[in-house]
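The values are calculated or read from the model by the stated rules, or taken from the named source; none is laboratory data. Remember, predicted model here, so these are calculated numbers, not experimental data. Every residue, glycine as well, gets a Cβ built from its backbone with ideal geometry; the counts of neighbours run over all protein chains shown. SASA here: full protein model, heavy atoms, side chains in, ligands and nucleic acids out. Shrake-Rupley method; radii C 1.70, N 1.55, O 1.52, S 1.80 Å.
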Amino acid sequence: MRAGIMPWLGCGLLLAPLAAMAGEVTRHVPPATVGCTQPGALHRVAGLSSTALPDHMLAQLHCRRVDGTGNWQVLGHHGDAVLLRRLPVRKGEGALYFPAAVPQPVPGWGASRPSGLLRLVMAAIGAVMLWPLVRYGWRSARRRQAWRVCRRLVARHADALRIRRRQLVQKNSYGVERTTRWRREQAEFIRTIVQPALRKARLQWAWPVIAERVQARIEHVASQKLSGEAGQAGRGYAPDMDPIAYERYCAGRLRECGWDAQATPPGGDQGADVIATWGGLRLVVQCKLYRNAVGNEAVQQVSAARLHYHADMAAVVSNADYTNPARQLARSNNVFLLHHDELPAFAARLARTRKKA
């Protein structure tokens, strides 16, 4: 509130002397001109020959002759007399009345200087009044720039955000979505991706203003379909499908990528729900349709299946997330932990690696 008042207070402080300067008019009084402290005395002197009157008689009439030095400020008018005060003001010297026709405008001063000062002061006032608008416009432009930075980052990581939302948002027994872990994931994305980019662009000050809008954008993008999601396998997934149907769904997604993939018969699969081959490369997959995070057991099962089937690669595929112990065990056993929407990109990456080899 105070910040908004300050520019207008500055305008008031500048306008105060402006009123005085606008009304200040200067004149030049010729040497030996008689001026009086009372307009009536000036009328009596006018009836006499003022040039012949001695100074002591002028003093008795409260009049005196001026020496013609300095300029005089117009203070007011009284009939055909004008009241003037010498500039600069001299100690003990008061204002005098002169015949209105005697004082002459000062060349180069009377018309030009007040208007020049007026323009200068008005320019200063305009600058003071314009500054809040300029500052608002600049900050508004920088906020829009910060928003564009955040939009680009969300678009760049769109598929990863969509996969993480599908992994982390699960429904409880009553059909209500549990979003606590997804909210933590959003906060992690903002902390590690968005805010460092804003700091690099020196736009971190704008985050409190655009935070809610960016979070809404993340939610909107993460709730959409993956950019490459298509085909019957992509449309066939449902959270309430049975585990056997989920295994066939994962095999179908690999077949769409050109792999020879088959779901193993239920029971006696030795830890491999899907066996897929491409160009001599064999992959075993353990499929887990879970509501909660997948733990160590799935990693242990697919590691054993890789040895049993003499596979080159092993992966666990799930609709859910993975526990930290499962991730640690997977790293030490060279097992890939995937969401089923990551299968096409994973399969394409393995195929490219095989071609290079």
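Whether a residue is hydrophobic (A, V, I, L, M, F, W, C), farther than 25 Å from Pro196 by Cα, at pLDDT 80 or above and not assigned by the TED database to the domain that holds Ala32 was assessed, and Val154 does not pass this test. Taking the criterion of being in a loop (DSSP other than H, G, I, E, B) and modelled with pLDDT under 85, the residues of the range 28-62 that qualify are Gly47, Leu48, Ser49, Ser50, Thr51, Ala52, Leu53, Pro54.
Per-residue answers, yes or no, for (1) farther than 22 Å from Tyr237 by Cβ; (2) without any contact (Cβ under 8 Å) to a residue 40 or more places away in the chain; (3) open to solvent by 60 Å² or more (accessible area, probe 1.4 Å):
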| position | (1), (2), (3) |
| --- | --- |
| Gly271 | yes, yes, no |
| Val317 | no, no, no |
| Phe346 | no, yes, no |
| Ala351 | yes, no, no |
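Within the range 251-288, which residues are closer than 20 Å to Ala304 by Cα and of a type in the set (A, V, I, L, M, F, W, C)? Passing the criteria: Ala251, Ala261, Ala263, Ala272, Val274, Ile275, Ala276, Leu281, Leu283, Val284, Val285, Cys287. Please go through the range 51-73 and pick out each residue that is touching a residue at least 24 places away in the same chain (Cβ under 8 Å) and closer than 14 Å to Thr37 by Cα. Selection gives Leu58, Leu61, His62, Cys63, Arg64, Arg65, Val66. Among residues of the range 277-289 being closer than 16 Å to Ala348 by Cβ and without any contact (Cβ under 8 Å) to a residue 40 or more places away in the chain, the one that is surrounded by the fewest Cβ atoms within 10 Å (Cβ to Cβ) is Thr277. Against the numbered list (1) open to solvent by 10 Å² or more (accessible area, probe 1.4 Å); (2) within 47 Å of the chain's Cα centre (by Cα); (3) under 19 Å from Gly252 (Cβ atoms), Asn292 comes up short only at (3). Assess whether Ala216 counts as being of a type in the set (A, V, I, L, M) and either buried (at least 19 other Cβ atoms within 10 Å of the Cβ) or farther than 24 Å from Ala348 by Cα (or both). Yes.
Here's the yes/no breakdown for (1) at pLDDT 85 or above; (2) assigned to a helix (DSSP H, G or I); (3) of a type in the set (Lys, Arg); (4) touching a Leu at 6+ places or on another chain (Cβ under 9 Å):
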position: Val134; (1), (2), (3), (4): no, yes, no, no
position: Arg143; (1), (2), (3), (4): yes, yes, yes, yes
position: Ala146; (1), (2), (3), (4): yes, yes, no, yes
position: Val149; (1), (2), (3), (4): yes, yes, no, yes
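Gln195 passes every criterion in (1) free of Cβ contacts under 8 Å to residues at least 40 places away in the same chain; (2) outside the structural domain of Arg152 (by the TED database) apart from (2).
Every residue in the range 140-180 that is open to solvent by 80 Å² or more (accessible area, probe 1.4 Å) and in contact (Cβ under 8 Å) with a residue 40 or more places away in the chain, please.
Across the range 140-180, the qualifying residues are Arg151, Lys171.
If you scan the range 238-259, which residues turn out to be out of contact with any strand residue (DSSP E or B) (no Cβ under 6 Å at 6 or more places or on another chain) and surrounded by fewer than 22 Cβ atoms within 10 Å (Cβ to Cβ)? The answer is Ala238, Pro239, Asp240, Met241, Asp242, Pro243, Ile244, Ala245, Gly252, Glu256, Cys257, Gly258. Asp321 falls short on exactly one of the conditions (1) under 20 Å from Tyr246 (Cβ atoms); (2) open to solvent by 40 Å² or more (accessible area, probe 1.4 Å); (3) of a type in the set (D, E, K, R), and that condition is (2). Exactly one residue out of Gln204, Gln262 is in the same structural domain as Thr277 (by the TED database), polar (S, T, N, Q) and open to solvent by 60 Å² or more (accessible area, probe 1.4 Å), and it is Gln262. When the residues of the range 181-201 are filtered to those that are of a type in the set (A, V, I, L, M, F, W, C) and more than 20 Å from Asp321 (Cα to Cα), which remaining residue is most open to solvent (accessible area, probe 1.4 Å)? Among those residues, the one meeting the criterion is Ile193.
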